[in-house]
Structure formats: structure tokens, C-alpha cells
1. Could you figure out which of (1) within 16 Å of the ligand (Cβ to nearest atom); (2) closer than 21 Å to LEU100 by Cβ isn't true of PRO170?
2. Can you tell which of GLY214, GLY226, GLY205 is within 15 Å of the ligand (Cβ to nearest atom) and modelled with pLDDT of 95 or more?
3. Please list, ordered by first then second residue, the pairs with beta carbon atoms under 7 Å, 6 or more apart or interchain, first in region 94-121 and within 16 Å of the ligand (Cβ to nearest atom), second of a type in the set (S, T, N, Q).
4. Any residue that is within 28 Å of VAL91 (Cβ to Cβ), assigned to a helix (DSSP H, G or I) and away from the ligand (no atom under 16 Å from the Cβ) - is there at least one of those in region 9-30?
5. Of all residues in region 123-143, which are free of Cβ contacts under 8 Å to residues at least 40 places away in the same chain, open to solvent by less than 50 Å² (accessible area, probe 1.4 Å) and closer than 11 Å to VAL176 by Cα?
6. Can you spot a residue in region 143-159 that is within 16 Å of the ligand (Cβ to nearest atom) and either among the small types (Gly, Ala, Ser) or over 30 Å from LYS111 (Cα atoms) (or both)?
7. If we keep just the residues of region 91-116 that are among the polar types (S, T, N, Q) and in a helix (DSSP H, G or I), which is most open to solvent (accessible area, probe 1.4 Å)?
8. Return the only residue of ILE137, ILE157, ILE109 being among the aliphatic types (A, V, I, L, M) and closer than 22 Å to ILE74 by Cβ.
Amino acid sequence: MSEELRNNLLEVHERIKKAAERSGRSSSEIQLIAVSKTIKTSRIEQLVNLGIENLGENKVQELAEKIPCLHGDINWHMIGHLQSNKVKYIVDKVTLIHSLDRLSLAEEIQKKAEQKNVYVPVLIQVNASGENSKFGIEPGEVENFILEVAGMDRIKIKGLMNIAPFVDNPEEVRPVFRRMRELFNRVDNKYSGVSMEYLSMGMTGDFEVAIEEGANMVRIGSAIFGSR
Ligand SMILES: *Cc1c(COP(=O)(O)O)cnc(C)c1O
């Protein structure tokens, strides 16, 4: 079991490295978030023992249950849709929320962060594919959104996140990733207090294309743990 995990991880690292090189970067510039949703903690622990420090979950309850079960220096990432009434369970426990996609959620994060006296790093989830995906700020609305959130002192905008549509051939979503990168560059350094550090895009089916187009954070589940 652990051998399989080890081999999968080595292969993912190798693929990240090659894609980074194709984009003129080194693999040290790409952060791997291992997506551990639905995976039981004993298996996640094996991965942590292989050196993984960043874990991503998409459900608050699962995340809150897993956090106390895993020890060591783990950075937890909330990557899934976040309901406002669940913010309180994770706001002081996660390293990064990838899925800030509406003002009401920002207001709730600000409120709970104030109560718990923490600062919360977030990424703005962008709906860059033009399809009527359920979540994400429209690309043309991102700058307005940044201005609205910029007044909330407990929220630290650290970058952008995107979930590309599922396609058979990842080349089909290359333009989506490229649009994300352009938006990321345009916004970077434009607003005080907002630093575009992370561009979180790319999953098992498309992470190499995402890296080639400029992702510096990839969220990978099934290529590491096997299909769910
Ligand atoms: C599940 C999930 C991933 C990882 O998906 P894989 O295809 O298993 O790599 C990445 N991002 C989000 C938001 C997810 O929900």
C-alpha cells in the first residue's frame, strides 16, 4: 500500500518537475497540495511520512474531523465550496481558503476571524471558463470584488483559484488557464495590501497544462491516492 503511494507520489513530483521546466521554472516554485478528501487518516498519515505538508479537503466536516487526527506540521487547505454557517469551524485552523467566491462569505470570514483574533489568507475563486459553473467570481468582476474585500482587515487576499471544466483532453482547457494567468498578472501589485502570490489551478487531469500556463499551486488527489 505504502509502496504504491510512494510510487504515485514520485511520479507526480516528476511530472510537476517536467511541466515546470517547460514553463521555464523549477519544481521548487510549484506547491503541491495533496487532496485527501474521502481518504482515511491512516493513509494520509503514510503520505505525510513521505514528506507531504500541504493537504486539501473540500468539506468542512471532514476537514474538522481529520485535523486533530493527524500530527506533525501540516498545512490544511480548504479547497471546496464553503457555506457561511460553517466558517466558524475552520477559520482559525486552515492555512489557506481557496474558495472565496462571494461577498457574504467574505463578511462572515471577517466576522469570525475578528472574534477568534486571527488573520485569514484566502484565494479568490474565479469562474474563468465561461460555462455556467455554479461557483466563482466572473473574471470581469474580480477587481471590483478585490476592492470590496480590501476593506476587510482580517482577510488577506493571496491569489486566485480556478477549477477548470472536466474534459477528456486537457489541451481544451489551456485557454482557461491562460486567462487566469493574465488576470493574475493584471491584478498583481495593483491594489495595496493585496499580493498575488498563489495561482491555484490544475488537478489530476490537467495539472501539467495548468503549470505550463503559470500555476504555482496544484491540487492533486487521484494521481496520488488512486481513483476515489
Ligand atoms: C477533488 C478536488 C481536487 C483534486 O481532484 P483530482 O482530480 O482527484 O486530482 C482539486 N480541487 C478541488 C476543488 C477538488 O474538489
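The values are calculated or read from the model by the stated rules, or taken from the named source; none is laboratory data. For clarity, every value in this text was computed on a predicted model and none was experimentally measured. Here the Cβ is made from the backbone with ideal geometry for all residues, glycine too, and neighbour counts use every protein chain on show. Protein only, heavy atoms only, side chains kept; ligands, DNA and RNA dropped before computing areas. Shrake-Rupley method; radii C 1.70, N 1.55, O 1.52, S 1.80 Å.
1. It is condition (2) that PRO170 fails.
2. The conditions single out GLY205.
3. From region 94-121, the pairs are THR95/ASN75; HIS98/GLN125; HIS98/SER200; SER99/GLN125; LEU100/GLN125; ASP101/GLN125; LEU105/SER84.
4. No, that holds for no residue.
5. Correct list: ASN127 only.
6. yes
7. Ranking the candidates gives GLN115 first.
8. Within the list ILE137, ILE157, ILE109, the selection yields ILE109.
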